[in-house]
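First the structure, in the form of structure tokens, and then the observations on it.
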Amino acid sequence: MSGILILAEHRRGTLRDATLEAIGAAGTLKAALGGPVTVLVIAADPAPLAKAVSVGAVDEVITVARPDAATYEPHVYEAVLRSVIAQRSPALVLMPHGVDSFSLAPAVAIGEGLGFATDVFGVAVEDGQVVATRAGYNEKVFVEIDFPGRTGVLLTLRGGSFAPETAPASPAVSAIDAGDGTARSKHLDWRDPPATGGIDIPGSPFILSIGRGVGDEANVAQFLELADGLGATLGCSRPIADNGWLPKARQVGQSGQLAAKCNLYIAMGISGSVQHQWGMKHVENIVAINKDPEASIFTIARYGIVGDMLEIAEELRKQKGIH
Amino acid sequence: MRAPANMAALTGALIARGDAYLALPAYGAEGAEWAQAALARLLLSNARLKLVFAALPFAPPAFLALLAGEDRPAILQRIVRNPATSGATLLRLARQMDDAATRAALAAHAHTPSVALIGLAMNADAAVRAALLRNAGTPALALHALLDHADAAERAALARHPQADADLLRTLLAGGDAVVRAEAVAHPHCPLTQVADACVDADAAIRRRAASNPVLPPSLRQALMGDSDPAVRAEALRLHAEGQDVALTDDGDVRVRRAQARHVAVPEDLAEVLSRDGDVWVRVWLARNPALPAGLIQRLGGDAEARVRHAAGRNPACPADMLATLARDGDEWVRAAVACRPDLPTEALRALEREDGEDVASAVARNPQTREAALRRLARHGQADVRRAVALNPDAPAAALRLLLDDPYPLNRAFAVRHPNLPVADAWGCADDGAPQVRFAVGKRAVTHAAAAGRAARRHLETFPQP
Amino acid sequence: MKILVPVKRVASLDDEFELRDDGRDVDPDFCEFDLNEFDEYALEAAVQIKEAAPEGSVEVVVLTIGPDDADDVLRKALAKGADRAIRVDDAGLEEADRVAIARVIAKVAENEEPGLVLCGAQSADQGNAQTGMSVAALLGWTRAAVVSKLDFAPGAATAQVERELEGGLVECLDVETPAVLTIQLGINTPRYASLRSIKQANAKPIECLTPHDVGLSDAEIGAAGALSRVRRVFVPERGRGEIIAGTPSQQAARLLEIISEVNG
Ligand SMILES: Cc1cc2nc3c(=O)[nH]c(=O)nc-3n(C[C@H](O)[C@H](O)[C@H](O)COP(=O)(O)OP(=O)(O)OC[C@H]3O[C@@H](n4cnc5c(N)ncnc54)[C@H](O)[C@@H]3O)c2cc1C
Ligand SMILES: Cc1cc2nc3c(=O)[nH]c(=O)nc-3n(C[C@H](O)[C@H](O)[C@H](O)COP(=O)(O)OP(=O)(O)OC[C@H]3O[C@@H](n4cnc5c(N)ncnc54)[C@H](O)[C@@H]3O)c2cc1C
């Protein structure tokens, strides 16, 4: 019972970065848990992927080539992964916490009787036992989880929590046949997200959103202008759309749009209700500008400015020469 | 189901129902004093609700005063942060709790009495200092107390605090820090000589801040309007009041032109030039400018950019025929701009009443001129936001509001219950609503009604004294 | 045919809250409870299948595992179109993790024999995204996670579904039935319950069972059926990000820096 097994996640022939993060995490745990670090690649044509995972602390790559694994299929993956785990008895199995692993990890953990936790962003080894940390209650608390009586543990790792490993390595690569398993679902097609035009909150990488703090309809236009000048899409909270100050298509939140592709979200004069957060709390870089230092928006912001949005906006315009 | 008409009957009914949300508005209401103890028992019966009510910004201040007698620290901390908490309650809690978080919350609260703020300033930690500097009510005396240990950022904050007096500003300026100076010269209480110096400073940022001083004398403002830096010119223009004798002239810089376009005193010939400006924002600002002559609003209402036409449609001075034209615009957002205007010509409104799109339909629903039949239809619109707009229409008739009482969306029911055109009897019919916010609204409506009835009855007694 | 929709009563926390005395969970006084939002969509999907089928041919059964307060979410589900509600009482379920909860759901599914089980993709409070797929594993049924479109005619051997993957990419696939699917937000527009249907729902019975009633053995209940244990819960030291201090002009200057740092 030792070593770390990582399942490679790939889609449309490309390895997903999250796999490199899992390898990075394994590198930091290898000393405490004991090697080897093994990556399992299940695919119709595993060779190029095997190369892509030959990085960092990886000692061994196992490939399983199956025509029915041209795309991810949970029942096929389950059979293969379980048979590899049964043979190798790793102390820790890692996979990214992603849409594919949702339908795989529970079946493997239950089937093999592994300790199990998902969306984990911290892993420690204490007295040889794995302890995982994840968040609960909408990120408001952290939860430490242990696995009494379990000899192996399966964790799915939250994206962005572990540094990806990219340094090339030369692990042993071996191809095996593993698991029977038959597909019970059939891939038909991919559909890429629709091209965007006009007001596009879901597609915008940079959103500047205004809330009731804007005060008056007469102030709204200057924020359209500011957003324009900064290269941002203007979004808003619901009361702004409800008042008819901006069209509904700009509303971010539960009953509006999801800022799905946003990387920088500046919330001005928005208190941060759950419903608004629904549309934006996942954004990596949130800047909150609010005159109330207690506003809940600050609890999810990476940067906070306690101040008057109109003054800050005015300064931005001046310094950016938008005036 | 009739709503109890007087406060005694109402309070009795509220207590009998045993619903804390419904009863909450009655606590402390005039005429309900006799039942205070029974109300208190009901409102304090549940640990979870005590926490919820302590943080509720529309909880009656008298109830928060009562709740302040609880022991649980989490409840008291919420009361200190609740914007509805009265100064007296805050003072009481200030004497009782001395932890850092409470002190900071007191320092930030708009109702904390001046004496307490001055006391807090005396030996304040960083969080309390920051809160005092942000609290617009912090008196000058407290600001002076903060000066001693102020670091650079705090000195800048002191220089921009609305209660900073000339003495404080003079002391701050004597420190010689450029950032502090930039704040101080924009302050209306700044000594004039210092402002005048700033107007001719070598640093454009300082001149710009001076230009934003709201009490800048006209002669200095005039001088800054000829400044070499466009940002300074634009700023000087922004606060230049109508009627002051300053000529606005053609300017090469887009920032200045945008500021001119917003200016109420933009002269007609300049406006004429600006209305053809290549910069869309110049035209947007101009189109919104209420001082613009009708002819120019007409022209901008025909602009190729929908944003400009929208702005023209929002201009209070937009002439009726232009409103009618914009009501037929191909762009929905432009039509929505005029759809909520009470001065929209009747036929144009009637045509828009038939539209179903969300932006136009919500605007029509808010328009006080919209017909009852149309409002009744919009009260059953597929979009909840459109239906709620009916409840936000100040002239919405009871017949339309009643439909909203069956709205599946609780917020819409709450809005309808609050609407003064909905008879209290109808509102009272929602006392069993599943959503707490609706029941609270019902309680509030009934209490306000009974209190008004009580006042009217007393007035009646005063006018016709009983033998 | 039946469709089983397991629904969860989720907690949202007040801005400030306290932990339970044993430090392993939050003090429930600080929790606001409601039906898991994802489950609203799962329920709506089930009700839409029922409404598209001949009258009376599909029954939507909702199930929750929890204390009697959790009846609220079942009533809400009944008001929104579910036909029957079952609550498995939580007495004896202390220390249950996702898998242990899934064991209860799977047993109920074995008893009810639905053609589909529709769970939420995840819960709004804990968000493990495990429960539904664990149910499928325990039943040995076909599974698909994060379903954003569902076409299914009762009785058909397959369902056509779309899965929403990272970055908005969609995978279209056929899945064999019976199946357990977890449902993504936005798959439909959940209805609001009308006041009348709320009143009717309040009059409907809720079947209340124990874990033993549904056929679980002691070795499967609570901690015994779990694959994990909460050791401790704590409030992270992080609170808020970097506070940008200074005057508005300094704050604006820093903000412009951040914009160019992030946008490259
Ligand atoms: C079912 C449902 C769905 C909903 N869907 C959505 C949705 O999709 N999107 C959405 O946004 N909301 C939604 N809401 C509404 C939501 O609950 C809040 O009411 C709303 O988000 C509040 O908007 P806000 O933050 O702009 O306003 P407020 O909560 O009023 O906040 C205004 C903030 O501005 C600050 N402020 C005021 N003046 C200034 C100033 N000069 N400078 C800086 N700050 C200032 C204040 O301190 C305050 O924090 C929904 C609600 C429900 C019930
Ligand atoms: C009685 C009881 C005792 C518990 N004790 C503990 C404990 O000691 N330690 C601990 O860590 N956790 C405990 N829990 C929490 C429990 O492990 C999880 O809340 C639950 O398993 C769901 O996990 P999740 O919220 O991450 O849901 P996810 O895995 O994200 O799945 C969500 C979906 O699963 C379904 N679902 C989830 N929970 C239920 C439910 N209760 N009833 C019906 N359907 C459901 C719904 O369809 C929902 O949309 C307990 C829960 C209960 C009900």
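The table below lists the values:
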{"quantity": "Positive-end extreme of charge dipole, chain B - chosen from B:ALA361, B:CYS190, B:TYR27 (charges on Cβ)", "calculated": "B:TYR27"}
{"quantity": "Size of electric dipole in region B:73-177: Cβ of Lys, Arg +1 and of Asp, Glu -1, about Cα centre, debye, nearest 20", "calculated": "420"}
{"quantity": "Cα centroid separation - region B:337-391 against region B:80-132, whole Å", "calculated": "47"}
{"quantity": "Set of lysines near B:LYS444 by C-alpha distance (under 18 Å), chain-local residues within fewer than 8 positions excluded", "calculated": "none"}
{"quantity": "GNM result for chain C, Cα springs below 10 Å: residue of C:LEU139, C:LEU116, C:LEU19 fluctuating most strongly", "calculated": "C:LEU19"}
{"quantity": "Hydrodynamic radius of chain A per Kirkwood, over alpha carbon pairs, in Å", "calculated": "22.1"}
{"quantity": "For residues of A:242-255, the mean tally of beta carbons on other chains within 10 Å", "calculated": "4"}
{"quantity": "Rg over Rh, two decimals, chain B (C-alpha only, Kirkwood Rh)", "calculated": "1.06"}
{"quantity": "Under Karplus coefficients 6.51, -1.76 and 1.60, residue-wise ³J(HN,Hα) of region B:422-435 in Hz, glycine/proline x", "calculated": "7, x, 4, 4, 5, 4, 4, x, 9, 5, 9, 3, x, 8"}
{"quantity": "Region B:335-438 - Rg over Rh from alpha carbon coordinates, Kirkwood radius", "calculated": "0.99"}
{"quantity": "Burial order of peptide ranges A:57-64, B:399-406, B:85-92 (average beta-carbon count within 10 Å, highest first)", "calculated": "A:57-64, B:399-406, B:85-92"}
{"quantity": "Karplus (6.51, -1.76, 1.60) ³J(HN,Hα), θ = phi - 60°, over region C:89-98, in Hz, Gly and Pro reported as x", "calculated": "5, 8, 4, x, 9, 3, 6, 6, 9, 4"}
{"quantity": "Sequence of A:ARG82, B:ARG255, B:ARG170, B:ARG207 from largest to smallest accessible area, 1.4 Å probe", "calculated": "B:ARG170, A:ARG82, B:ARG255, B:ARG207"}
{"quantity": "Options B:PRO293, B:ASN412, B:LEU49, ranked by Cα towards positive dipole end of chain B, top entry (Cβ charges)", "calculated": "B:LEU49"}
{"quantity": "Net dipole in debye of the protein assembly as shown [+1 Lys, Arg Cβ; -1 Asp, Glu Cβ; about Cα centre; nearest 20]", "calculated": "2300"}
{"quantity": "Karplus 3J(HN,Hα) series, Hz, for region B:47-55 with 6.51 cos²θ - 1.76 cosθ + 1.60 (x for Gly, Pro)", "calculated": "4, 4, 5, 4, 5, 5, 5, 4, 9"}
{"quantity": "Cβ-based charge dipole, region C:2-263, positive-most Cα from C:ALA82, C:SER12, C:ASN128", "calculated": "C:ALA82"}
{"quantity": "Interchain or long-range residues, amide H under 5 Å from C:GLU59's placed H", "calculated": "C:LYS2, C:ILE3"}
{"quantity": "Whole-percent pair-distance distribution, where bins are 20 Å wide, for the alpha carbons of the protein assembly as shown", "calculated": "11, 36, 37, 15, 1, 0"}
{"quantity": "For region A:45-67 versus region C:186-238, the gap between their alpha-carbon centres in whole angstrom", "calculated": "41"}
{"quantity": "Nearest-10 value in Å² for the accessible area of B:TRP428, using the 1.4 Å probe", "calculated": "10"}
{"quantity": "Largest to smallest accessible area among B:ASP433, A:ASP189 [probe 1.4 Å]", "calculated": "A:ASP189, B:ASP433"}
{"quantity": "Average other protein chain Cβ within 10 Å of Cβ, residues A:221-234", "calculated": "3"}
{"quantity": "Average projection area in nm² (convex hull over Cα atoms of chain C, one quarter of hull surface)", "calculated": "18.2"}
{"quantity": "Chain A - mean residue ellipticity at 222 nm from DSSP helices (-39,500 (n - 2.57) per run, n ≥ 4, rounded to 500)", "calculated": "-7500 deg cm²/dmol"}
{"quantity": "Antiparallel bridges, percent of DSSP beta bridges restricted to the protein assembly as shown (to nearest 5)", "calculated": "35"}
{"quantity": "DSSP bridge pairs, region C:2-263: antiparallel proportion in percent, nearest 5", "calculated": "40"}
{"quantity": "Pairs from A:LYS140/C:LYS8; C:LYS2/C:LYS76; C:LYS80/C:LYS204; A:LYS281/A:LYS318 whose Cα-Cα separation, in the structure shown, is over 21 Å", "calculated": "A:LYS281/A:LYS318"}
{"quantity": "Antiparallel content of DSSP bridges confined to region A:8-143, in %, to 5", "calculated": "60"}
{"quantity": "Rounded accessible area of C:VAL230 (nearest 10 Å², 1.4 Å probe)", "calculated": "50"}
{"quantity": "Region A:268-316: GluC sites (Glu not before Pro) in DSSP loop, at most 13 other beta carbons within 10 Å", "calculated": "A:GLU284"}
{"quantity": "Centroid-to-centroid separation of region A:251-287 and region B:397-467 [C-alpha atoms, Å]", "calculated": "36"}
{"quantity": "Solvent exposure ordering (accessible area, 1.4 Å, most first) of B:MET225, B:MET122", "calculated": "B:MET122, B:MET225"}
{"quantity": "Within straight-line cross-link reach of B:LYS50, aspartates and glutamates at Cα separation under 18 Å, skipping those fewer than 8 residues along the same chain", "calculated": "B:ASP19, B:GLU70, B:ASP71, C:ASP14, C:ASP15, C:GLU16, C:GLU18, C:ASP27, C:ASP29, C:GLU32"}
{"quantity": "GNM top mover of C:ARG229, C:ARG163, C:ARG75 - chain C, alpha-carbon springs below 10 Å", "calculated": "C:ARG229"}
{"quantity": "Loop GluC sites (Glu not before Pro), region C:57-96 (other Cβ atoms within 10 Å of the site Cβ: 10 or fewer; DSSP)", "calculated": "C:GLU94"}
{"quantity": "With all protein chains modelled, accessible area of B:TYR21 [1.4 Å, Å²]", "calculated": "40"}
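The values are calculated or read from the model by the stated rules, or taken from the named source; none is laboratory data. Keep in mind the model is a prediction, meaning the values are calculated, not measured. Glycine also receives a Cβ, built like all others from the backbone with ideal geometry; neighbour counts cover every protein chain displayed. Note: areas computed on protein heavy atoms with side chains; ligands, DNA, RNA excluded. Shrake-Rupley method; radii C 1.70, N 1.55, O 1.52, S 1.80 Å.
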